[in-house]
Every structure is written in C-alpha cells, then in structure tokens.
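Take a look at the structure set out below.
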C-alpha cells in the first residue's frame, strides 16, 4: 500500500510543527522547505488552504491515506457526537496509534511496522492490521516471541506510562489495556478538527 516514505523533516517544516517527534533541523529552519520557503511565511493562506492544510496535517500525523481518512470521516459523520472530535477519537483508536501511545514503538511508523510483522496481539490473538479499530477494554500486548526484541525493549525503557489516562500499562506482561475512548482535551495533537469538518462540508 502506498505510504509516504520521504524525508520526515520536510513534512514537519511544511506544517511548522514536529509532527513526527522532536526534530533538530526543524528547530533551526522553522519555515517551509524549498527556495521560496522563507517568503511563503509572509503570504496569507486562503480559507480553503487552511482547511486543506489541517486535513493534510492530520493525515501525516496519524499515517493515514486519503481513502482511509475519507472513510473515517464518513464514519465520524454518521456517529453520535461532534464529528471533528469523533474523527480524532477514531484515529486515536487505531491499533498502530495505540502501540505508539503505549510506548511499544517510538513512532507511529515504527508501530505500523511492528503490527504488520505480527509482533502485536489484541486480546491474546496476533493482529497484523495497523488500521484495526480497538474497542474499550481491549488488551494490546507484545507477542511472547517478540518480547526480547531490542527495538521494543529500547522504546519501552524510560517511557512514561502515565501520560495517557485512557491507557493502563502492565510492565510485567508487556501489555496495555485501552480503558476508554479519550476526551478531546486529553488528545495532545495540535489539530483544529473543525477546519477538517468545514472542508468536507463544502
């Protein structure tokens, strides 16, 4: 499946935010990439441009393709609650995102790889679908054979498991419970979901 594999810093500079995590280059060059990058800052973007930018930011942050994102939006639209918040909650409930949130992988991209390579279990069964929607009380764990993987042990080392109130982590069994769907104020991503709703409403 097609997925962005280019320079992460280039995307971070495009949005002016470290959407893939701490970035030394972004700290030095916090303006869009390209020869006209510095000048682009001075131009005022249109309303549509701002809405599109917000959607692209959300897609890159969660590593979701256009069709997947569109389907998630339709699902959010037909659900009870505020569409934009429900959309973010659906993105947060993806298996790859929760593997990242639990500290099993340092990035969502690495989390997706662990899931695809069958290192992750959901309720005791191996699941290799990164987009799998996890439900409250589901338990995500590291497969027994994979518990000694250096990439996983390194990522878990020193990770603060009290960061996210909707996740309960058991270090001994290397598994985490998805306690409940997070509230909007608990989701740390800097995304203006209302702009995405406005874009799709046109």
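The values are calculated or read from the model by the stated rules, or taken from the named source; none is laboratory data. All of these numbers come straight from a predicted model, not from anything done at the bench. Virtual Cβ from ideal backbone geometry, glycine too; neighbours counted across all protein chains shown.
For beta carbons closer than 6 Å, sequence separation of 6+ or different chains, a first residue in the stretch 37-57 that is under 21 Å from residue 91 (Cα atoms) and a second that is part of a loop (DSSP other than H, G, I, E, B) and modelled with pLDDT of 90 or more, the qualifying pairs are 54/192.
Return yes when residue 148 is assigned to a loop (DSSP other than H, G, I, E, B) and either closer than 19 Å to residue 178 by Cβ or not assigned by TED's automatic domain parsing to the domain that holds residue 72 (or both) and no when it is not. Taking the combined requirement at face value, the residue satisfies it. Across the stretch 124-136, the number of residues qualifying as more than 20 Å from the chain's Cα centre (by Cα) and surrounded by 11 or more Cβ atoms within 10 Å (Cβ to Cβ) comes to 1. Of 83, 153, 121, all but one fail to be surrounded by fewer than 21 Cβ atoms within 10 Å (Cβ to Cβ) and under 23 Å from residue 187 (Cα atoms); the exception is 83. Taken over the stretch 56-72, the criterion of being within 22 Å of residue 178 (Cβ to Cβ) and under 16 Å from the mean Cα position of the chain (by Cα) is satisfied by 58, 61, 62, 63, 64, 68, 69, 72.
Considering only residues in the stretch 36-55 that are in a helix (DSSP H, G or I) and more than 24 Å from the chain's Cα centre (by Cα), the one that is modelled with the highest pLDDT turns out to be 47. In summary, residue 175 fulfils each of the numbered conditions (1) surrounded by 17 or more Cβ atoms within 10 Å (Cβ to Cβ); (2) within 26 Å of residue 75 (Cα to Cα); (3) in contact (Cβ under 8 Å) with a residue 12 or more places away in the chain with the single exception of condition (2). Could you tell me whether residue 84 is within 19 Å of the chain's Cα centre (by Cα), closer than 25 Å to residue 58 by Cα and in a helix (DSSP H, G or I)? Here the answer is yes, as residue 84 does meet what is asked. The test for being under 13 Å from the mean Cα position of the chain (by Cα) and at pLDDT below 90 does not hold for residue 31.
Would you tally the residues in the stretch 139-150 being crowded, with 16+ Cβ neighbours inside 10 Å and touching a helix residue (DSSP H, G or I) at 6+ places or on another chain (Cβ under 9 Å)? Working first, answer last.
Residues of the stretch 139-150 crowded, with 16+ Cβ neighbours inside 10 Å: 139-143, 146, 149.
Imposing the further condition that a residue be touching a helix residue (DSSP H, G or I) at 6+ places or on another chain (Cβ under 9 Å) reduces the set to 140, 142, 146, 149.
Selection size over the stretch 139-150: 4.
Given the structure, is residue 97 in a helix (DSSP H, G or I) and under 25 Å from residue 149 (Cβ atoms)?
Answer is yes for this residue.
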